[in-house]
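Notes for the one structure printed next.
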Amino acid sequence: MRILLLLALIAISHTTLGRDINPKRLQKIESGGLYSLHEAYVYKSKYYAQKIQHVLMPGPYVEGYRSKDGTYLVGGESSVEIRLLWTGEEGEYVHTTYMTGGVFLPDDQAKLPRMFYVRSSKARTVRTLNGKVVQVWEAGREVPRVQTNPNIATTTVPGASPVAAGVGTAIAFGLINLLIEAGEGKFVTPKRHKGDAAIRDLMLPDEAKDRQVIDYGSSE
């Protein structure tokens, strides 16, 4: 089982890591405006015969950071799912890693918005077989699962539900701060993801708010 996890992590790292941004070089937005993603956005890629899906989950996103040419919208703890899919002798496997993430919206409407996720070694990972949870990892270690009635299908993947407005995003900001302190927390764009106009159509602003940009920290 550890070998399967290692292979999955190798596959994900080879197909997901693109350019990254250090949030210390950005400006944090105080009382940022709220956006909503009204349906899931999926970016697909492959690692040999294995399929990879980067999924931006529906739910609330908040204006969190500013660069010189756009705004970073941040979602909750499980706002991005990285799914590795493959077929084995026993059926269909899905290896899902849950990440905090969001969308970079360029000020220039002619430029394409991009999804991103926050790099973390403590991400939660779940493996399912034919839709049933078979293994769960926290920070790279397998977590014992609670025994349930074997006659009841365990189809709900932990962390897969949309984040709650306000609560999920507040937790996400706290998580990003902790990751930055730990030397992680960079905003990573999936490899070969050049942006997609469809994201701008799906990510719509809620009520407009007054916004104040404050300095988050010095550049590194």
Q: Pairs to check: K24/K132; K44/K186; K24/K194; K28/K51; K24/K191. Give those whose C-alpha atoms are more than 31 Å from each other in this structure.
A: K24/K132; K28/K51
Q: State, as an integer percentage, the relative contact order of the range 26-143 based on alpha-carbon contacts under 8 Å between residues 6 or more apart.
A: 18
Q) In debye, nearest 20: dipole of the range 26-143 around its Cα centre with unit charges on the Cβ of K, R (+) and D, E (-)? A) 280
Q: Return the Rg/Rh value of the range 26-143, two decimal places, where both radii are evaluated on C-alpha atoms and Rh is the Kirkwood radius.
A: 1.04
**Q.** Pairwise FRET efficiency - Q135 versus N22, Cβ, R0 = 35 Å, nearest 0.05
**A.** 0.60
Q.
If I model a spin label at E30 and T87 as a point 7 Å from the Cα along the Cα→Cβ vector, what separation in nanometres do I get?
A. 5.6
Q. Measuring from label point to label point, each 7 Å out along Cα→Cβ, what is the Q53 to S121 span in nm?
A. 3.0
Q: Hey, can you find the accessible area per residue of the range 26-143 for me, probe 1.4 Å, expressed in square angstrom?
A: 44
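Of the accessible area of the range 26-143, with the probe set at 1.4 angstrom, what percent is carbon plus sulfur? Present the calculation step by step, with values, prior to reporting the outcome.
On the way: 2420 of 5140 Å².
C and S atoms contribute 47 percent here.
The values are calculated or read from the model by the stated rules, or taken from the named source; none is laboratory data. Remember, it's a predicted structure, so these values are computed and weren't measured experimentally. FYI the Cβ positions are ideal-geometry reconstructions off the backbone, even for glycines, and counts take in every protein chain you see. Quick note on the areas: whole protein, heavy atoms, side chains included, nothing else; ligands and nucleic acids left out. Shrake-Rupley method; radii C 1.70, N 1.55, O 1.52, S 1.80 Å.
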